[in-house]
């Protein structure tokens, strides 16, 4: 006996199969292919390519960039989301637009902007050169470009949630004597922790995997300024396909590990 | 290749990359090179490090960066701290010199116009040459897919283009005929990669197109990587003498105190050891002995030069590759 | 104790507060009564420091609150939707105000626990300290919100439609319990409501607000007996406006006997008649019983007089039946010029 708002059983099956099919085709198969290609000739070549000094340097650089970019975006994103959701101030709309900016701009353009500003021929170039500070084609440039493209993740996850939750709990805290910091720590933060975790993980995944913007500001110096995605491209271009897939597999593994960590934290929480 | 990553800790890596320039000599050398030289410089860097240690007792580490020649020149201008540049054509190094980073007379500082090895452009086709491509004229036959990189970013692509133009000028009715020929050629190009290696990958790995216009060394490398059974090398009736030059980036080596090592790095490219290595990687060495020894791998064919044929790189750039040049006029993607 | 002078506040282009003047005495239980949009919640929030007026003053115990932020005002605020901290237990909610005090003045853990237990007993929720807000009923949550506000020993208790979301029976209970609490603790309380029964029943004085101003501030008896204007008269006490003409000291109606009035100019007027003002008796008087219903309070009688339907009070001893003819006497009326 079918309820009025239920669809026919056959339709349900079709939709489920279609969803599973799409997921398998676009998500599972490529992932499986990466690992399959990497291990095509067994563990030996994989171990060798991962212990290659340039590969290790790429892994370290990727982890370092993520370790800097993610906390910066965490703090920045939370601050921006809090300001937008809980307060009215002139320029609030503008801030919301700016937060969306990295999403609408091509990553390559983002990288190019940094070259235009910090490069030797750029606005700040001569000033930086005088002081011997290297921003583009070095770690700071890579970190800045990564921060730019991953900034929205935390903010965008939090803003709708915080807007939905409204201000009354914070107002109650205010009447009870809480100042801004305590209000944030004891009232706002606990209410958003799962969304925050989700945003941080998205930010982390993108920070580790960003290619376009980093490629423009990197300089591609082997062993120095290549992140893992860049290194994968280099290996591929040198016909070292097994090595390329091995490093790509490692990158995928890092992503899977962070997802697993998130699932575990959610279960425990 | 001597590598000291074991000593580098994360903070060291971070500091090392963002630190102010060191006053005295030391620190790794950066060679900013063009796309196809990856394998060659990996081998050469190791050989050079060993030679330098024996000669001076110092350890040196050489880092490399590869990409399309034009793009790499652009990066050096924008602040990539190269100690030496080893690019595809003199014009790209001139662009850097124009910004004051390299002395204007750089090309005369090393023998043979600062080009320690030369190369040329050949065709790479599929085994059996099913489309029967033997000559430049065959490239404009309907249904033939030609793979070449983008002349705006790739040095190799500019050599390709000029070689084609030189042939067409002789065989297709002067400059007017050459323009028409290039127009038809470009219409047969399905994709323009940014660098020579990208094109090789498109052709060899992704099986796009029927013929690859390639650096000689790229053609041989594709052979080696994919098994000789897959491709054939076709030598056209005419090609261009490509002289990829090298130079020390004066501003950077003086600031970093690495001039001695950098100059030695480039000079050593002319040594018999390095020339043999170049030949091994399918670059035509300047050294006569090395060239004779490797005669078999380097087919003889008439070669034109940029200076004689096109009046030098500045002129060629202006006429063909600058904004509004012949490439811009003739390349209409999607048509 | 609390004084408000000339408070003004605009939202967008609309004046939410348009010159509010009010003065509360210590220990009073005052209701802010008005329709939606009259500004009563805005006024309450301004007193708490949650809204920032453009002009006017708020003085608490003589001190200007303009420079005092919400967290320093020591007002207890009970929100309409309770605003309990959803991730904290009941105990932690109530203890919050005490725990965040600066170290110098913060009570010790044992002391805090003692006070929280005391408050839980006060609001009759002992033993519920370990529960979370989403495990409580609406009425229970409201009591927790009250306990939380009282924990900091506020000078003033502000309540924003505290019983708005509760069902009728719970409302009645809590209403009286709240008044009892107020009396016992000697608080000064100001609560916002749109329910006039509540306001008239509980408050020492009621401030009727309309369009951002206080129209009348008086005891409930005074408000009912002598409404300041037609708006107040029509708002309170189930009054129905009926057109009339004032002549020779009496208000003359169509279909109803006239009634004496004082101090109203001659000419067209509007009279506000409450059920208690109209006495219905059996007999032939030009009116007819339309409906007679028994509810908890007695008989609600609706009569038809001419073209009007009015509510009246039946004479003692008479049981009205539908369709029966009856006679209406107007005992009193509040009349205002039209």
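Calculate, in nm to one decimal, what residue C:304 and residue C:111 gain on full extension: separation in residues at 0.36 nm each, minus their alpha carbon distance.
Net length gain for the segment: 62.9 nm.
Rank-order B:275-286, B:64-75 by packing density, defined as the average count of other C-beta atoms within 10 Å over each peptide's residues, highest first.
Sorting B:275-286, B:64-75 by mean packing, highest first, produces B:64-75, B:275-286.
Is there a simple number for the mean count of other chain Cβ atoms within 10 Å of the Cβ of residues in C:79-91, and what is it?
Partner Cβ neighbours, averaged per residue: 4.
Based on the alpha-carbon set only, what is the convex hull volume of segment C:2-229 divided per residue, in Å³?
Hull volume normalised by residue count: 130 Å³.
Calculate the spin-label point distance for residue B:233 paired with residue A:260, positioning each point 7 Å from the Cα along the beta-carbon direction, and give it in nanometres.
Going by the 7 Å Cα→Cβ label model, 4.9 nm.
As an exercise, take the mean of 1/r over every pair of distinct alpha carbons in segment C:140-255, invert it, and state the Kirkwood radius in angstroms.
16.4 Å
Considering only DSSP beta bridges whose two residues both sit in segment C:2-229, what percent are antiparallel, to the nearest 5?
The antiparallel fraction comes to roughly 50 percent.
Between residue C:201 and residue C:225, what is the FRET efficiency for a Förster distance of 22 Å, r being their Cβ-Cβ separation, to the nearest 0.05? It would help to have the intermediate numbers written out before the result.
Values: r = 16 Å, r/R0 = 0.74.
Approximately 0.85, to the nearest 0.05.
Rounded if a/c is under 1.5, else prolate if a/b beats b/c, else oblate: with a ≥ b ≥ c from the C-alpha gyration tensor eigenvalues square-rooted, which is segment C:253-305?
prolate
Could you state the per residue volume, in Å³, of the convex hull enclosing the Cα atoms of segment A:92-220? Present the calculation step by step, with values, prior to reporting the outcome.
Working: hull volume 17.7 nm³, N = 129.
Dividing the Cα hull volume of segment A:92-220 by its residues yields 137 Å³.
Based only on Cα atoms, what mean projected area does the convex hull of segment C:238-337 have, in nm²?
Its average projected convex-hull area is 6.1 nm².
Quick check: pseudo-label points 7 Å beyond the Cα along Cα→Cβ at residue C:265 and residue A:20, how many nm apart are they?
According to this spin-label approximation, the distance is 8.4 nm.
Would any residue of segment B:68-100 have its amide N under 16 Å from a label point 7 Å out along Cα→Cβ of residue A:116? List them or say none.
Zone members listed by number: B:78.
Percent relative contact order of chain B, based on C-alpha pairs within less than 8 angstrom and at least six residues apart?
Once normalised by length, the contact order is 24 percent.
Under 37 °C and 0.692 mPa s, how fast does chain A diffuse according to Stokes-Einstein, given a Kirkwood radius computed over C-alpha pairs? Answer in µm²/s, whole number. Please report the intermediate quantities before stating the final value.
Numbers: Rh = 21.4 Å.
Result for D is 153 µm²/s.
Per the Debye formula with a single identical scatterer at each Cα and no solvent contribution, what log10 I(q)/I(0) holds for chain B at q = 0.10, 0.12, 0.13 Å⁻¹?
-0.59, -0.84, -0.98
What's the long-distance tail for segment B:43-179, i.e. % of Cα pairs beyond 19 Å?
66 percent
What whole-number distance in Å separates the alpha-carbon centres of segment B:225-278 and segment C:131-163?
Segment B:225-278 and segment C:131-163 have Cα centres separated by 80 Å.
Given segment B:267-335, report the % of alpha carbon pairs whose separation exceeds 19 Å. Can you show the working numbers first?
Details: 1366 of 2346 pairs.
In whole percent, the long-distance tail amounts to 58.
Peptides B:199-209, A:183-193: what's the order by average Cβ count within 10 Å, highest mean first?
B:199-209, A:183-193
Fewest Cβ neighbours within 10 Å first, please rank C:253, B:226 accordingly.
Numbers: C:253 21, B:226 14.
Ordered from fewest to most neighbouring Cβ atoms within 10 Å, C:253, B:226 come out as B:226, C:253.
Sorted from largest down, give the three principal axis spans of the alpha carbons of segment B:23-110, whole angstrom values.
36, 30, 24
Taking a ≥ b ≥ c as the square roots of the Cα gyration tensor eigenvalues, with a/c under 1.5 meaning rounded and otherwise prolate when a/b beats b/c, else oblate, which class fits segment C:66-107? Please report the intermediate quantities before stating the final value.
Working: a/c = 2.87, a/b = 1.16, b/c = 2.48.
Cα axes put segment C:66-107 in the oblate bin.
Name the shape class, rounded, prolate or oblate, that the alpha-carbon gyration tensor gives for segment C:198-240, where a ≥ b ≥ c are the square roots of its eigenvalues, rounded holds for a/c under 1.5, and otherwise prolate holds if a/b is larger than b/c and oblate otherwise.
Values: a/c = 1.56, a/b = 1.10, b/c = 1.42.
It is oblate, given that a/c is not under 1.5 and a/b is not larger than b/c.
Kindly give the semi-axes, whole Å and largest first, of the ellipsoid equivalent to segment B:212-296, taking each as the square root of 5 times a Cα gyration tensor eigenvalue.
31, 15, 13
Over the Cα atoms of segment B:69-145, what radius of gyration and what Dmax do you get, in Å?
18.4, 50
Which percent of the Cα-Cα distances in the protein assembly as shown go past 48 Å?
The answer is 51 percent, as a whole percent.
For peptide B:79-92, what's the mean number of Cβ atoms from other chains within 10 Å of each residue's Cβ?
3
Among DSSP bridges having both ends in the protein assembly as shown, what percentage is antiparallel? Round to the nearest 5.
70 percent
7 Å from Cα along Cα→Cβ at both residue C:295 and residue A:72: what's the point-to-point distance in nm?
Output for this residue pair reads 6.7 nm.
As an exercise, use a Förster radius of 60 Å and the Cβ-Cβ distance of residue B:58 and residue C:134 to find the FRET efficiency, rounded to the nearest 0.05.
Working: r = 71 Å, r/R0 = 1.19.
So, using R0 = 60 Å, E works out to roughly 0.25.
Please give the average number of partner chain Cβ atoms lying within 10 Å of the Cβ of each residue in C:228-241, rounded to a whole number. Walk me through the numbers before you get to the answer.
On the way: counts 0, 0, 0, 0, 0, 0, 0, 0, 0, 0, 0, 0, 0, 0.
Across the residues of C:228-241, the mean count of other-chain Cβ atoms within 10 Å is 0.
Can you give the convex hull volume of the alpha carbon atoms of segment A:160-199 per residue, in Å³?
58 Å³
In what sequence, highest mean first, do C:216-223, B:190-197 appear when ranked by Cβ atoms within 10 angstrom? Don't skip to the answer; put the middle values down first.
Numbers: C:216-223: 17.5, B:190-197: 22.0.
Packing proxy ranking, top to bottom: B:190-197, C:216-223.
Where the centroid of each part is defined by its Cα atoms, how far is segment A:4-60 from segment A:115-168 in Å?
Here the two parts' Cα centres lie 31 Å apart.
Cα centroid distance between segment B:157-216 and segment C:1-50, in Å?
The two parts, judged by their Cα centres, are 81 Å apart.
Since every read-out is calculated from the coordinates, none of them should be taken as a lab result. The shown structure was predicted, so the numbers you read here are calculated from the model rather than taken from an experiment. As a convention, Cβ positions derive from the backbone with ideal geometry for all residues, glycine included, and neighbour counts pool all protein chains shown.
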